[in-house]
Amino acid sequence: MEALLEELLEQCRPYARQGKVATYIPELAKANLDDLGIYVLRSDGQHFHAGDWNKPFAIQSVIKPILLLLALMDNGEEYVRSRVGVEATGKPFDAINVTDQTLLSDHLNPMVNMGAIAICGLIHGASYEEKFQRLLELTRKLAGNPDIQLDQDVYLSEKHTGYKNRALAFLLKTYGMLEDDVEEVLDFYFKACSISVTSQDLAVIGSVLSSHGTLPDSEERVFDREYGNYVNAILMTCGMYDGSGAFAVNVGVPAKSGVGGGIMAVVPTRMGIGIFSPGLDEKGNSLAGIQLLERLSNRLYLSIF
Ligand code: GLN
């Protein structure tokens, strides 16, 4: 398996340089296009890796499934679903999904920014400081890594430049879809996106989703089985934004990308996969990362279809 990962990594290396690093968050523009890493954790406990699997990067949108899990654990499925829908948007990650003409929570989706910001408003805690600590603790628990921290530089960089997300949050407020103070919610969202992880962390989190809620080493249940189904289903239909259809055909597993270059893939009952390659395609998904997953899926028959 390790030899296969090495082989596929070398095949995909040329694609890494064809991607573009995200520049709208200035700190992310410093990423090295040559970084490429993969980590696989199988349900039998065996793990394999290649390349820069241990390099830290900002989790960015890969936090969205964890935010959704925490919102489900705090509020239950019925309430979360009444506030943020489950239909794929078919639009870019920063699109405006509700307007005066389309004013329905059904048009929000937790895997794109507007829906994820609405989800932030559903997390329990006495203060946004406490809410962030709860999110960080859940991320650490799912990844089996107590050392996971906030990347302060990425957080401040995004906080200073997040104009589009501010616009989305103020629209949500206008429409009564966000109860709390807009700047507090945004500060929480920017921090959430700036948590620093490795491919290994994403693979372990993916493996918990692949087992629908149990930790790989202890079998301890972290979340209800049906929440695993809920999150995995939305990852399948919207985890790669407006690239989710092609990804379903070409790779065929639930996955989530982030503009930091991470992809977390979930192969239900079989494995979690974490990938890092910061060169992005025009939809904001890791270009070499998708190439790598396509090849791995073909070789290991990973598609759930
Ligand atoms: N923090 C990023 C943003 O809100 C997350 C987007 C992404 O990873 N696609 O723009």
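With G284, G272 as the choices, which residue is surrounded by 19 or more Cβ atoms within 10 Å (Cβ to Cβ), away from the ligand (no atom under 16 Å from the Cβ), within 21 Å of F57 (Cα to Cα) and under 16 Å from the mean Cα position of the chain (by Cα)?
Being surrounded by 19 or more Cβ atoms within 10 Å (Cβ to Cβ), away from the ligand (no atom under 16 Å from the Cβ), within 21 Å of F57 (Cα to Cα) and under 16 Å from the mean Cα position of the chain (by Cα) holds for just one of G284, G272, which is G272.
Identify, by number, the condition in (1) in contact (Cβ under 8 Å) with a residue 12 or more places away in the chain; (2) among the small types (G, A, S); (3) more than 25 Å from E282 (Cα to Cα) that S199 doesn't meet.
(3)
Which ones in the stretch 115-138 are small (G, A, S) and crowded, with 22+ Cβ neighbours inside 10 Å?
If the condition is that a residue be small (G, A, S) and crowded, with 22+ Cβ neighbours inside 10 Å, then G115, A116, A118, G121 are the ones that fit.
Out of K256, K283, report the one residue that is under 25 Å from G76 (Cα atoms) and not small (G, A, S).
Sole residue among the options that is under 25 Å from G76 (Cα atoms) and not small (G, A, S): K256.
List every residue pair whose Cβ atoms lie under 9 Å apart, where the two residues are 6 or more positions apart in sequence or sit on different chains, the first residue falls within the stretch 7-18 and is on the phi > 0 side of the Ramachandran plot, and the second residue, located anywhere, is among the aromatic types (F, W, Y).
No pair meets every condition.
From the set of residues in the stretch 29-58 that are among the hydrophobic types (A, V, I, L, M, F, W, C) and out of contact with any helix residue (DSSP H, G or I) (no Cβ under 7 Å at 6 or more places or on another chain), which is surrounded by the fewest Cβ atoms within 10 Å (Cβ to Cβ)?
Across the stretch 29-58, the extreme among qualifying residues is A29.
Go through A169, A203 for me and flag whichever is more than 16 Å from the ligand (Cβ to nearest atom), surrounded by 18 or more Cβ atoms within 10 Å (Cβ to Cβ), part of a helix (DSSP H, G or I) and among the aliphatic types (A, V, I, L, M). Can you show your working first?
Details: A169 fails: more than 16 Å from the ligand (Cβ to nearest atom).
Of A169, A203, the one residue that is more than 16 Å from the ligand (Cβ to nearest atom), surrounded by 18 or more Cβ atoms within 10 Å (Cβ to Cβ), part of a helix (DSSP H, G or I) and among the aliphatic types (A, V, I, L, M) is A203.
Which residue pairs have Cβ atoms under 8 Å apart, sit 6 or more places apart or on different chains, and have a first residue in the stretch 78-95 that is without any contact (Cβ under 8 Å) to a residue 60 or more places away in the chain and outside any loop (DSSP other than H, G, I, E, B) and a second that is small (G, A, S) and more than 16 Å from the ligand (Cβ to nearest atom)?
Close Cβ pairs (under 8 Å, with a partner that is small (G, A, S) and more than 16 Å from the ligand (Cβ to nearest atom)) amount to V80/A71; S82/S105.
Out of the stretch 30-66, which residues are part of a helix (DSSP H, G or I) and more than 18 Å from N145 (Cβ to Cβ)? Write out each step before concluding.
Start the filter on the stretch 30-66 by keeping residues that are part of a helix (DSSP H, G or I), which leaves 30, 60-66.
Listed by number, the residues that qualify are K30, S61, K64.
At least 3 residues that are under 24 Å from H47 (Cα atoms) and touching a strand residue (DSSP E or B) at 6+ places or on another chain (Cβ under 9 Å) in each: list the helices (runs of 4 or more DSSP H) lying fully within the stretch 213-305 that qualify.
225-238, 287-300
Scan (1) within 16 Å of the ligand (Cβ to nearest atom); (2) under 20 Å from G279 (Cα atoms) for the single condition V182 breaks and write down its number.
(2)
Keeping to the stretch 42-76, report how many residues are away from the ligand (no atom under 16 Å from the Cβ), under 22 Å from R13 (Cα atoms) and among the hydrophobic types (A, V, I, L, M, F, W, C).
3
Just so you know, all these numbers are worked out from the coordinates, no wet-lab data involved. Just so it is clear, the model here is predicted, and its values are computed rather than measured. Neighbour counts are summed over all protein chains in view; Cβ atoms, including those assigned to glycine, are modelled from backbone coordinates with ideal geometry.
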